[in-house]
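Scroll down for the structure; my scribbles are underneath it.
The values are calculated or read from the model by the stated rules, or taken from the named source; none is laboratory data. Here the structure is a predicted model, which means the values were calculated and not measured. We place every Cβ from the backbone using ideal geometry, glycine too, and count neighbours over all the protein chains shown. The accessibility values were calculated without ligands, DNA or RNA, using every heavy atom of the protein model including side chains. Shrake-Rupley method; radii C 1.70, N 1.55, O 1.52, S 1.80 Å.
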Amino acid sequence: MIGAWITRLRGNSTVFPPLAPAKPFYAIGDIHGRADLLKRALEHLSPADQIICVGDYIDRGENSAEVLRLLHDRRDIQCLKGNHEEMLLKFLEDPTGQGSRWLRYGGLQTLASFGVSGVTETTASSRLLEVRDALIAAMGPELINWIQALPLRFCSGNVAVVHAAADPETALQDQQQHHLLWGHPEFHKTPRRDGIWIVHGHTIVDSATARNGRIAIDTGAYATGKLTVAQIGPDGVSFFTA
């Protein structure tokens, strides 16, 4: 079912100044292999506005390969790196050391989507080397290089998009990669003092929210069937669920 655009915030926040991106843009929450929801969402977005994806395109859902290839081919979409892309890259670098963690958090579904089978969370280290090689062959160097080069943030006016969080006491250009990809303990507790709104995914919420300088848009697409898009402009933010 296609949802309707619902305006959650216009004008001033009680804590933060009004949203003021340089240009209106869309931000799409964590996709996690739900190619069907991604396609549905894209059909309802205006080509006039920039589209940003917050990361976590793979794992848990069944169609990670399709999601990656679709986004790779859409050069008009700015994709950010998520922690699940980081886990995939670490697996490719060190399958015996990093494999069990990635498989436990959804890597099995990603492997299956690329046609790599015969793997479980307890697969022996020697077999994981073969699995890594098979995945590299299935993905191809162009797709792998694209994932490696994904940026960690997108900024427009007083709005920044990251995957997970940002250290509220640190300027955006000085953020640690770990905090942008995995979160920061003070992110949900301490408001930023520079007036920059942070749009993020990573932490699943029942419905998208916009308050106190944080816009949360991960509604657990792989489990709930709800992929959220935020439309952000000088008049505020509206949410759409595909």
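Structure values in brief
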item: Verdict on Ala160 being in contact (Cβ under 8 Å) with a residue 24 or more places away in the chain and of a type outside the set (Val, Ile, Thr); result: yes
item: Close pairs (8 angstrom Cβ cut-off, 6 or more residues apart or separate chains): among the aromatic types (Phe, Trp, Tyr) in segment 98-110, surrounded by fewer than 19 Cβ atoms within 10 Å (Cβ to Cβ) anywhere; result: Trp102/Lys90
item: Strands (runs of 3 or more DSSP E) lying entirely in segment 1-85 (those with 1 or more residues that are at pLDDT below 95 and more than 20 Å from the chain's Cα centre (by Cα)); result: 6-9
item: Condition check for Pro151: open to solvent by 30 Å² or more (accessible area, probe 1.4 Å), modelled with pLDDT of 95 or more and either touching a Gly at 6+ places or on another chain (Cβ under 9 Å) or not in a strand (DSSP E or B) (or both); result: yes
item: Residue match in segment 163-178 (condition: open to solvent by 10 Å² or more (accessible area, probe 1.4 Å), in contact (Cβ under 8 Å) with a residue 24 or more places away in the chain, within 20 Å of Gln50 (Cα to Cα) and not in a strand (DSSP E or B)); result: no
item: Condition check for Tyr105: open to solvent by 70 Å² or more (accessible area, probe 1.4 Å) and either of a type in the set (Phe, Trp, Tyr) or touching a Cys at 6+ places or on another chain (Cβ under 6 Å) (or both); result: yes
item: Filter result for Ala242 (closer than 23 Å to Arg60 by Cβ, at pLDDT below 95, open to solvent by less than 70 Å² (accessible area, probe 1.4 Å) and aliphatic (A, V, I, L, M)); result: yes
item: Evaluation of Glu121 against (1) open to solvent by 70 Å² or more (accessible area, probe 1.4 Å); (2) touching a residue at least 60 places away in the same chain (Cβ under 8 Å) (one fails), failing number; result: (2)
item: Test result for Arg193, basic (Lys, Arg), under 22 Å from Ala20 (Cα atoms) and in contact with a strand residue (DSSP E or B) (Cβ under 8 Å, 6 or more places away or on another chain); result: no
item: Output for segment 203-214, where each listed residue is farther than 12 Å from Phe16 by Cα and in contact with a Phe, Trp or Tyr (Cβ under 8 Å, 6 or more places away or on another chain); result: Ser207, Ala208
item: Leading residue by the ranking (nearest to the chain's Cα centre (by Cα)) among those in segment 128-142 that are surrounded by fewer than 17 Cβ atoms within 10 Å (Cβ to Cβ) and not small (Gly, Ala, Ser); result: Glu142
item: Meets criteria (open to solvent by less than 40 Å² (accessible area, probe 1.4 Å), farther than 15 Å from Leu80 by Cβ and in contact (Cβ under 8 Å) with a residue 24 or more places away in the chain) for Gly201; result: no
item: Selection count, segment 204-221, where residues are over 12 Å from Val162 (Cα atoms), among the β-branched types (Val, Ile, Thr) and part of a loop (DSSP other than H, G, I, E, B); result: 3
item: Checklist (1) among the β-branched types (Val, Ile, Thr); (2) closer than 16 Å to Arg132 by Cβ; (3) in a loop (DSSP other than H, G, I, E, B) applied to Thr96, failing item; result: (3)
item: Total residues in segment 59-82, condition open to solvent by less than 10 Å² (accessible area, probe 1.4 Å) and either within 12 Å of Leu150 (Cβ to Cβ) or of a type in the set (Gly, Ala, Ser) (or both); result: 8
